[in-house]
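Derivation of every value follows stated rules applied to the coordinates shown; laboratory data play no part. Computed from a prediction, not measured in an experiment: that's the story for all the values here. For neighbour counting, all protein chains shown are included, and Cβ atoms are generated from backbone atoms with ideal geometry for every residue, glycine included.
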Ligand SMILES: [Zn+2]
């Protein structure tokens, strides 16, 4: 039984065929530019309270270069580049590492600033100064970026599922259908935590975990 039961099965769409060979980043980038499906954001989004780093586009190439050995990372990029939706990537750097990497789904992004509605696949914010640690191992930032892009893939695959869970996180608004799907993963005390964990565990199980394994890094067994 998949982790989210019937609801999962209904909403999970099959993954599109790969748009570009996994071993050809230049071709992926070319197709990305044509389709405009992943766009590195170089302008400040004031609502994020942090400026994008200089040379954000160069950063994308460098950071993606850290995970080119992972077939799961290539699969996520191929999925996103074959989608008609546009996903934004925003690299931030603060001196105190005070910001976590995060994903804004399209509704949350356009609620932040209506000009962000063009990112109809959401925005992955990658905090360059706040890399992930698993135990004593520092994980390359490429994995953090792929974690956030993994959320974009989750959203594009099953937007109703994702939005219902985000609604619980924000408003504690649990529909009977989604409550049923949370039963199987329920071990936290509050619906908002259950919903956040349902999103994170799905992303870690299908995206971040396999990438870490393919790179010879440890895998998270819990989420903070
Ligand atoms: Zn996450």
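Counting pairs of Cα atoms in region 128-168, how many percent are more than 17 Å apart? Numbers along the way, then the final one.
Values: 375 of 820 pairs.
The answer is 46 percent, as a whole percent.
Treating the Cα atoms of region 67-134 as identical point scatterers in vacuum, please give the log10 of the normalised Debye intensity I(q)/I(0) at q = 0.14, 0.15, 0.27, 0.29 Å⁻¹, two decimals.
-0.53, -0.60, -1.12, -1.15
From the C-alpha gyration tensor of region 49-200, pull out the three semi-axes of the equivalent ellipsoid (sqrt of 5λ each), sorted largest to smallest, in whole Å. Provide the component values of the computation, followed by the final result.
Values: eigenvalues 138, 66, 55 Å².
Listed largest to smallest, the semi-axes of region 49-200 are 26, 18, 17 Å.
How would you rank 199, 77, going from fewest to most other Cβ atoms within 10 Å of each one's own Cβ?
Least crowded to most crowded, the residues run 199, 77.
Place the peptides 80-86, 43-49 in order of packing, highest mean first, counting for every residue the other Cβ atoms within 10 Å and averaging per peptide.
Averaged packing, sorted descending, gives the order 80-86, 43-49.
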